[in-house]
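Asks: Here it is, the structure in full.
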Amino acid sequence: MGLPRITLMILVLGLAACSSRDDDIVLKRIKDKGNGPNEFTILPTKPLQAPEDYASLPAPAPGTVNLVDPRPKEEGAAALGGNPAVMRGTAPAASDGGLVRHASRYGTQPGIRQQTRSEDIETRRRHGRVHLIRIGNADDYTDAYKRQWLEASREERRMRQRGIETPSAPPPED
């Protein structure tokens, strides 16, 4: 009597493991290494306040921000003594032209964000399956992204061989 129930349970679990998922696959078993606080769990918002004149408020529209919504880029620029109004645009400020030219001196790739998003969805799709039998102590996040980890010394050698300066790296060993 017990064997048919166990067999039925194994079949149901096997069928559930074959079910399809969305494109946004969440990796399971991510271990917290305890290296500090998770800055994404803190969401400070400004206290609600009444406007001085209700007639001067803009009409509500989809996609617009609330007056009390956090604006980390603008607030960060103001905290560092910059102009927060510059951060409202999507294009870099004209005063940052030199910085943009220097950062793109080795070329840029249009659509890189869309490409990395689709590659990340594919990586999570391949590695986001639930492992019913797990031997050892590992997490799915590490398994999924380990091949993409950057080995600093190898990357530094590669850049120096191509003539790219690495001023913050220690001098090459003789």
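Please treat every number below as a calculation from the coordinates, not as lab data. These numbers were taken from a predicted model, which means no experiment stands behind them. Reconstructed Cβ throughout: ideal geometry from the backbone, glycine too, with neighbour counts over all protein chains shown.
Asks: What does the charge add up to near His102, with Lys and Arg as +1, Asp and Glu as -1, over the other residues with Cβ less than 13 Å from its Cβ?
Replies: Values: positive: Arg101, Arg105; negative: Asp96, Glu165.
After counting each charged neighbour, the total is 0.
Asks: Using a 7 Å offset from the Cα along the Cα-to-Cβ direction at both Glu173 and Met159, what is the distance between the two label points in nm, to one decimal?
Replies: 1.9
Asks: What nm value, rounded to one decimal, do you get for the distance between Asp96 and Thr166 when each label is placed 7 Å out toward the C-beta?
Replies: 2.7
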